[in-house]
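Let me begin by presenting the structure, written as structure tokens, before commenting on it.
The values are calculated or read from the model by the stated rules, or taken from the named source; none is laboratory data. What you see is a predicted model, and the numbers here were worked out from it, not measured in a lab. Note: ideal-geometry Cβ built from the backbone for every residue, glycine included; neighbour counts use all protein chains shown. Heads up: the accessible areas ignore ligands, DNA and RNA and are worked out on the full protein's heavy atoms, side chains in. Shrake-Rupley method; radii C 1.70, N 1.55, O 1.52, S 1.80 Å.
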Amino acid sequence: MLRTKTCGELRVADAGTRVTLAGWVHRRRDLGGLTFIDLRDRYGLTQVVAKAGGPAHDALGAVRSEWVIQVEGEVTARAGDQVNDKLPTGTIEVIAGSVTVLNEAKTPPLPIADDANVSEDVRLRYRYLDLRRPRLQHNLGLRHRVTMAIRRYFDEQGFWEIETPILTKSTPEGARDYLVPSRVHPGEFYALPQSPQIFKQILMVAGFERYIQIARCFRDEALRADRQLEFTQVDVEMSFPTEEDIYELVEGLFARV
């Protein structure tokens, strides 16, 4: 591995240890005798410090935002007035002993270090850069945690998660189907499911009395504020429930989420 720690895990208990970090240059501040780098990866930020006269200081003098670098150095505790309470790693900094530039970068066409307003056209054109920004990183992390909470909750309630085919036959729904031509059956088409319920009768009759799907749905319809052409929904199927069973199950789910 090119690193021994991530940029989000170091704490004051790690002071005195030597570590190797790798990530993107989030911000750079040059104070003459000292150069400060906020190094970023998916896990967080760590402040890196290079003192004048050393090879690390010379190397950091050339780096700019979004360069990818590797830093080897010693973790030190920050003085009391230098602690950054806004960061989980704000009690420490890494005194750089050596710096290796892994990849240079041009000046990005949109700001990465903050969530300044940027036109949607620019964000979509440079989606790979937009996805580095704090808000989208947070959103995707939140989606992951919510999905995992849903899976754990239903597992505790005795549900199985069952995956059903995406390429299937067309069934009457409220919108138009997306069609996929079949190569092995010329002139015939598969339809992408508008919702995952098409197979629930098979599974219920077969005795899979508690199952869920976190399913992709595809609907060829006009965009709305809360719906895209493809979206994800949680589909819950049960045998032998009462109305109160449903209330209790779903209320428990939302409390967990």
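What list of ³J(HN,Hα) couplings, whole Hz, do you get for region 20-31 from phi and the Karplus terms 6.51, -1.76, 1.60, once you set θ to phi - 60° and write x for glycine and proline?
Couplings: 10, 10, 9, x, 9, 6, 7, 9, 9, 10, 10, 10 Hz.
Among S119, S65, S98, determine the one that fluctuates most according to a GNM of the chain built with springs between C-alpha atoms less than 10 Å apart.
S119
Percent of alpha carbon pairs in region 96-166 separated by more than 22 Å?
Pairs farther apart than 22 Å: 53 percent.
Report the FRET efficiency, 1/(1 + (r/R0)^6), for F36 and M148, where r is their Cβ-Cβ distance and R0 is 35 Å, rounded to 0.05.
The value I calculate is 0.45.
Out of all Cα-Cα pairs in region 103-238, roughly what percent, to the nearest whole number, are more than 22 Å apart?
58
Once the principal axes of the Cα atoms of region 151-202 are found, what is the range along each, listed largest first in whole angstroms?
Projected onto the principal axes, the Cα atoms of region 151-202 cover 46, 26, 18 Å.
Between beta-carbons, use under 15 Å as the cut-off and find the net charge around N84, counting Lys and Arg +1, Asp and Glu -1.
Computed value for this residue: +2.
How large is the dipole of the chain about the Cα centre if only Lys and Arg carry +1 and Asp and Glu carry -1, each at its Cβ, rounded to the nearest 20 debye?
1040
For the Cα atoms of the chain, what angle does the longest principal axis make with the long axis of helix 134-156, in degrees from 0 to 90, nearest 10?
50
Quick one: compute the contact order of the chain, relative version, from alpha carbon pairs under 8 angstrom and 6+ residues apart, as a percent.
Rounded, it is 12 percent for the chain.
Find out how many positive minus negative residues lie around Q47, taking Lys and Arg as positive, Asp and Glu as negative, among other residues whose Cβ is under 10 Å from that of Q47.
Surrounding charge for Q47 is +1.
Across the chain, how many lysine pairs, 8 or more positions apart or on different chains, have C-alpha atoms separated by under 30 Å? Please give the number.
For the chain, the number of qualifying lysine pairs is 7.
Once you compute Rg and the Kirkwood Rh from C-alpha atoms, what is the Rg to Rh ratio for region 60-130?
Here Rg/Rh amounts to 1.07.
Which percent of Cα pairs goes in each bin when the distances of the chain are cut into 10 angstrom slices starting at zero?
All Cα pairs considered, the percentages come to 6, 21, 22, 18, 17, 12, 4, 0.
For the chain, what does -39500 (n - 2.57) per DSSP helix run (n ≥ 4), summed and divided by total residues, give at 222 nm, in deg cm²/dmol to the nearest 500?
Roughly -6500 deg cm²/dmol at 222 nm, from the helical runs in the chain.
Can you tell which of D226, D30, D14 shows the greatest fluctuation in a Gaussian network model of the chain with Cα springs below 10 Å?
D226
For region 200-223 and region 9-46, compute the distance between their C-alpha centroids and round to whole Å.
Region 200-223 and region 9-46 have Cα centres spaced 46 Å from each other.
Counting each pair of different Cα atoms once, what's the Kirkwood radius of region 19-69 in Å, rounded to one decimal?
10.9
What does the accessible area per residue of the chain come to in Å², with a 1.4 Å probe and no ligands, DNA or RNA counted?
Heavy-atom SASA per residue in the chain reads 63 Å².
Picking from T76, A96, L142, whose Cα lies most toward the positive end of the charge dipole for region 1-153 (charges on Cβ: Lys, Arg +1; Asp, Glu -1)?
The listed residue farthest towards the positive side: L142.
Which three extents, in angstrom, do the Cα atoms of region 1-121 have along their principal axes, listed largest first?
Over region 1-121, Cα extents along the principal axes are 47, 32, 30 Å.
Evaluate the Debye formula for region 166-255 with equal point scatterers sitting on the alpha carbons, no solvent, and hand back log10 of I(q)/I(0) at q = 0.16, 0.19 Å⁻¹, in q order, two decimals.
Debye curve over Cα of region 166-255, log10 I(q)/I(0) at q = 0.16, 0.19 Å⁻¹: -0.81, -1.00.
Counting other Cβ atoms within 10 Å, keep those with at most 11, restrict to DSSP loop, and tell me which trypsin sites (Lys or Arg not before Pro) in region 144-204 are left.
The qualifying sites are R183.
How much of the DSSP bridge set in region 84-240 is antiparallel, in percent, rounded to the nearest 5?
Within region 84-240, antiparallel bridges account for around 90 percent of the total.
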